[in-house]
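Here's the structure we're looking at; comments come further down.
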Amino acid sequence: MSQKAFRYRFYPTPEQENLLRRTMGCARLVYNRALAARSDAWYKHQKRVGYKETSAMLTLWKKEDSLNFLNEVSCVPLQQCLRHLQKAFTNFFAGRAKYPNFKKKHNGGSAEFTKSAFKFRDNQIYLAKCSEPLPIRWSRPLPEGAKPSTVTVKLDPSGRWFVSLLVDVGIETLPKSPNKIGVDLGVTSLIADSNGGKVANPKTFRKKHKRLALAQKRLAKKQKGSNNRHKARLKVARIQAEIADTRRDFLHKLTTRLIRENQVIAVEDLAVKNMKKNHKLALSISDASWGELVRQLEYKADWYGRTVVKIDRWFPSSKRCSNCGHISPKMLLNVRDWVCPECGHSHDRDINAAINILAAGLAVEVCGATVRPEQSKSVKASATKQKTLKREPGNPPL
Ligand SMILES: [Zn+2]
């Protein structure tokens, strides 16, 4: 059994909206207080505060007169946000994410309800303390007999409500395929593959990003606290939501195709954050998509019985000639095609990189070999390296 999330839009009744907004407000307050407590404990007293301690704090906060309103909403989302904070710290210490930030009201919010905090009856969701079911627009049916285990309500910054239902579903693995593919994050295209294929970003992307840049510029000029600023911010949020939707849709189609067609998919474990600084628009668009693309590939591979191999990002995939193994000393980002000085083979930069990634991936997959001899644990190695790179001085090394 695998867990699959089904996301729908919904339109809360005024009563529900009021309760949900209060719930999210409380969750945000609890999250921010717990984050402050964890940071303070470290910086001021060099003490570690974990999930258990913050959970005990929550119990105390609920007893304070000034925080009495915390008792008016379901306690589950409050507890869940402490778990999310714990996860954010775990990710930070593993080098996968930045230090957790405070949550801000204008970024919308979310509330997670586990089994004890909602009812699923007659294919309707009843949240705790709500008398009516959530008015969900069922854009696609839940699988027959599926029962959600978690319900997450989200308000996006542009003011749209979404509900995400986590259900257990039986997914049949795909029949084995003889195909193997290497995928590189392209410079001019989104991806290049080892078969010589390239996939560009959606055509509308560049235009939307330009619109976004313009809207952001306008927002920056508006006076703080003014009504116009509020309107400008909504406009930015709406374009961002539009871009995110297009991206998600596009990436789902792409990852599903890659998974269906190939048994093994080799990718670079590329932490977006550490990527070479390049302010070209096209690359920044690809950056944002890459993490999501790898994430989707990984969970879909899990569902369908495929293998995703991640290659150490320090592997010189672009600089190495896939024909003879010669490594060029330097390869500028604007070099699109090159001829190997050793064997005379001419290469498309991105496709050559994808071929190298596939070769390295197969070495890892077949015999557990290391991609770089001086480094053991090729697949996991990148995580430890990022850890040392990313932990900034002064942050608590929990
Ligand atoms: Zn060569």
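Taking 32 Å as the limit for the C-alpha separation, the pairs 253/310; 4/63; 87/222; 235/319 exceed it in the case of 4/63; 87/222; 235/319. Per-residue ellipticity at 222 nm computed for the chain from its helices equals -15000 deg cm²/dmol, with DSSP H segments shorter than 4 residues left out and the rest contributing -39,500 (n - 2.57). Quick one: Debye curve from the C-alpha atoms of segment 20-169, no solvent, what's log10 I(q)/I(0) at q = 0.08, 0.13, 0.17 Å⁻¹? Computed log10 I(q)/I(0) values: -0.26, -0.66, -1.05.
Tell me the accessible surface of residue 59 in square angstrom (1.4 angstrom probe, heavy atoms of protein chains only), to the nearest ten. Ignoring ligands and nucleic acids, residue 59 comes out at about 70 Å².
Explain nothing, just the number: dipole magnitude of the chain about its Cα centre with +1 on each Lys and Arg Cβ and -1 on each Asp and Glu Cβ, in debye rounded to the nearest 20.
Computed charge dipole of the chain: roughly 1760 debye.
Summarising the amide proton neighbourhood of residue 125: residues at separation of 5 or more, or on other chains, whose placed amide H is nearer than 5 Å comprise 134.
Computed 3J(HN,Hα) for segment 249-258, one whole-Hz value per residue from the Karplus formula 6.51 cos²θ - 1.76 cosθ + 1.60 where θ = phi - 60°, is 4, 4, 5, 4, 4, 5, 5, 4, 5, 4, glycine and proline marked x. Once all protein chains are placed together, residue 93 keeps about 30 Å² accessible to a 1.4 angstrom probe. Sequentially through segment 73-78, phi angles give Karplus couplings (6.51, -1.76, 1.60; θ = phi - 60°) of 10, 4, 7, 4, x, 5 Hz, Gly and Pro residues having no value and appearing as x.
Relative contact order of segment 2-169: what whole-number percent is it, with Cα pairs under 8 angstrom and at least 6 residues apart? Walk me through the numbers before you get to the answer.
Values: 237 pairs, mean separation 58.2, N = 168.
Answer for segment 2-169 is 35 percent.
Comparing Cα centroids, segment 154-191 and segment 318-351 end up 32 angstrom apart.
The coefficient of translational diffusion for segment 153-213, derived via Stokes-Einstein from the alpha carbon Kirkwood radius under 10 °C and 1.306 mPa s, stands at 98 µm²/s.
Residue 208 exposes around 30 Å² of accessible area when a 1.4 Å probe is run over every protein chain in place. Remark: the chain is approximated by an ellipsoid whose semi-axes, taken from the C-alpha gyration tensor as √(5λ), come to 41, 25, 24 Å, largest first. The GNM of the chain, with springs linking C-alpha atoms under 10 angstrom apart, assigns the highest mean-square fluctuation among 289, 158, 131 to 131. Heavy atoms of the protein chains alone define the surface here; on that basis segment 67-107 has 56 Å² accessible area per residue at 1.4 Å probe size.
Bridging of residue 176 to aspartates and glutamates at a Cα separation below 18 Å is possible for 261, 298, 302, 365, once same-chain residues fewer than 8 apart are set aside.
In segment 2-169, what percent of the accessible surface is made up of carbon and sulfur (1.4 Å probe, ligands and nucleic acids excluded)? The partial results should precede the final answer.
Numbers: 4600 of 9070 Å².
So the carbon and sulfur contribution to the accessible surface is 51 percent.
Working from label points 7 Å from Cα in the Cα-to-Cβ sense, the residue 172 to residue 346 distance is 4.8 nm. Working note: Karplus 6.51/-1.76/1.60 with θ = phi - 60° gives segment 323-334 the couplings 8, 10, x, 5, 10, 6, x, 9, 8, 6, 5, 8 Hz, where Gly and Pro are set to x. Taking 0.36 nm per residue of separation and subtracting the current Cα-Cα distance, fully stretching the chain between residue 69 and residue 128 would add 19.6 nm.
The values are calculated or read from the model by the stated rules, or taken from the named source; none is laboratory data. This is a predicted model, so every value here is computed, not measured. Here the Cβ is made from the backbone with ideal geometry for all residues, glycine too, and neighbour counts use every protein chain on show. Calculation scope for accessible area: heavy atoms of the full protein, side chains included, ligands and nucleic acids excluded. Shrake-Rupley method; radii C 1.70, N 1.55, O 1.52, S 1.80 Å.
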